[in-house]
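Below is one structure, written out as structure tokens; the observations come after it.
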Amino acid sequence: MIAMKRVVPWAVACVAALFLGWYVSDASKPLPPMEPGDAAATADARPSVELKWSADLSKALVQAKAEHKPVLLSFTGSDWCEACISLDKAVFSAADFISFASSNFIPVQLDFPLKKLQNDEVARSNAQLEEKYKVEGLPTLLVLNADGKEIWRRAGYRPKDKAADYIGLLQKAAAKSGAD
């Protein structure tokens, strides 16, 4: 057992060193030139306008009642969850999604970061909402009516899904919300 306690940290350090060596050597390779219209050339392009996410569900519900809109609630791990990061890049950053979501929802994003600093009150509140809405994995999207009742849920992210797919799903969810 004592030998195991000594071997495990050493093994982890070796694996980390191998990964770092691979990463550095791979990162030093020049990227091939991109042609206009390449998917790779446009995949990282960010729109000049971003979706304005609130981090306060209580305030968002008040706003949802006043504006007669449902709430789009996103649970994410913005700095570690690969599926969350992919969803943000492929869907939430798409100009058509930003326009649609801004016009039809009150967007709220609750983050569960590992690297970013988050104050204790926000972390506690997010954890309580994660428990309340029974979120079992990230990313999870919910549509709530203005009373906070869940009317739609989508857990996970499939890389084949595009902004248009989510717009279609959310249009149906908004219709169920009872919002004007």
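Observations
- At R0 = 22 Å, FRET efficiency that the Cβ-Cβ distance of K116 and E136 yields, to 0.05: 0.50
- Two-site FRET efficiency, E82 against V49, from Cβ-Cβ distance with R₀ of 25 Å, rounded to 0.05: 0.50
- Difference of contour (0.36 nm per residue) and Cα-Cα distance, Q63 to D147: 29.1 nm
- Residues K172 and D56, FRET efficiency given R0 of 35 Å [Cβ-Cβ distance, rounded to 0.05]: 0.85
- Considering only F100, A66, S78, the residue lying farthest towards the positive end of the dipole of region 59-114 is A66, judged by Cα position with unit charges set on Cβ.
- Where a label projected 7 Å from the Cα of D165 along Cα→Cβ would reach, residues of region 90-125 with amide N under 13 Å: 90-92
- For the residue pairs K65/K176; K59/K134; K115/K160; K69/K172; K59/K176; K59/K132, the alpha carbons lie more than 19 Å apart in K59/K134; K115/K160; K59/K176.
FYI, it's all coordinate maths here, none of it is from the lab. The model shown is predicted, which means the values in this text are computed figures rather than measured ones. A quick note on method: Cβ atoms are made from the backbone with ideal geometry, for glycine too, and the neighbour counts reach across all protein chains shown.
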